[in-house]
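Heads up, the thing below is written out as structure tokens.
What follows draws every value from the coordinates through simple rules; no lab data is involved. Model, not experiment: these values are computed from the prediction. Heads up, the Cβs are rebuilt from the backbone with ideal geometry, glycines too, and the neighbour counts pull from every protein chain shown.
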């Protein structure tokens, strides 16, 4: 059996070298071909241990200046490209062991996890050796529970000693050897995208669309790539139309005003941000340096815009029917609810409009007073105009958000309502 040992080349202790030698020696005694994927240090110690036991050895290395090939490898393959080297390592192993090495070893395992087929009952077992590797084991365990790792049937185990490792190899390999050849190299970032598609319930034929939907303008301007603002514009319209149609069909006896309130709550930035959080969308966003530093992945406005971008991307990739199905899945509970709880998703603009219209004063108007900030992070100051007077001013990361904030400010301003009541009395007197 071919066993690939992932371990770092540097930052090791003398004790680590002894354990690495013991590991290689034990694997060779069991008759396994020992394969490593790097340069000097721990990897050489593993190979030397295997050779001292009379075993077969192989090294799969990157071409790095001043790095010679291991003297303990009977066969050495060298590659200029990191992904090509990874692909060879994935294809060579029947079982993988992660041992020491910090970030380098973690990278190897991330790529391995990304490459295990979702439909395999056994996706080439992984053994994680040593107390210093416990954080990696904890990460795998948490990621499986959260659904970050895109498959359920991974066989892996944490072991503390070489003796435990040797014992575990037999039990893991006896499960179902016919499923061992189930790894095809996939970079980890692509696998996390597959995980997102699984949560969305839609697989993109054109993956550049979902990538664009997840790209904030701050990243787009920094890297000179397409971002999601145009998709956001399209997604907003598609979402509004489809939600209105679905509410119309689901509630044949509901008044227009109530349908309007329910639609406004469903398509609101707060609701979209909530859905994005449920999908853990923030971890997939591509943000510029400034937005990353200011925790843009947690901002409601950025999350809501990305959701609208995704809706547009689904529609462009699979047609309006695909977008309709996606919205059904996303908002099924809210669309079919007989009475939507609007407290948290309150539509202040609609509330203000109904109140002012009820006073016979026509529709409030929203006026842009000022805007500031760079193109990728604009801020808007909106004011509410009722008849000929401006009431309240509020900033927002979008015009819609600023309008909602301005309407809320007016609704809560008792002085403003005293003035509005005076205007109403004047208009009533003039009509008489």
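One table, with the values for the structure above:
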{"read-out": "Extended-chain gain in nm, criterion 0.36 nm per residue less alpha-carbon gap, residue 359 and residue 385", "value": "7.9 nm"}
{"read-out": "Exposure proxy order (Cβ contacts within 10 Å, fewest to most) of 63, 314", "value": "63, 314"}
{"read-out": "Exposure proxy order (Cβ contacts within 10 Å, fewest to most) of 215, 254, 36", "value": "254, 215, 36"}
{"read-out": "Inter-label distance for residue 351 and residue 13, nm, one decimal - labels placed 7 Å from Cα along Cα-to-Cβ", "value": "6.1 nm"}
{"read-out": "Approximate spin-label separation residue 332-residue 134, in nm, with each point projected 7 Å along Cα-to-Cβ", "value": "4.2 nm"}
{"read-out": "Spin-label pair residue 205/residue 157, simplified geometry with 7 Å Cα→Cβ offset, distance in nm", "value": "4.6 nm"}
{"read-out": "Spin-label zone in the stretch 293-312 - amide nitrogen under 18 Å from a point set 7 Å from the Cα of residue 270 along the C-beta vector", "value": "299-305"}
{"read-out": "Potential extension, residue 198-residue 224 segment - 0.36 nm per residue separation minus Cα distance", "value": "6.5 nm"}
{"read-out": "Cα Rg over Rh - the stretch 1-76, Kirkwood", "value": "0.94"}
{"read-out": "FRET efficiency, 1/(1 + (r/R0)^6) with R0 22 Å, evaluated for residue 375 and residue 283 via beta carbons", "value": "0.30"}
{"read-out": "Computed FRET value (nearest 0.05) for residue 368 with residue 241, which takes r as the C-beta separation and R₀ as 25 Å", "value": "0.45"}
{"read-out": "Neighbour-count order for 88, 4, 162, fewest beta carbons within 10 angstrom listed first", "value": "88, 162, 4"}
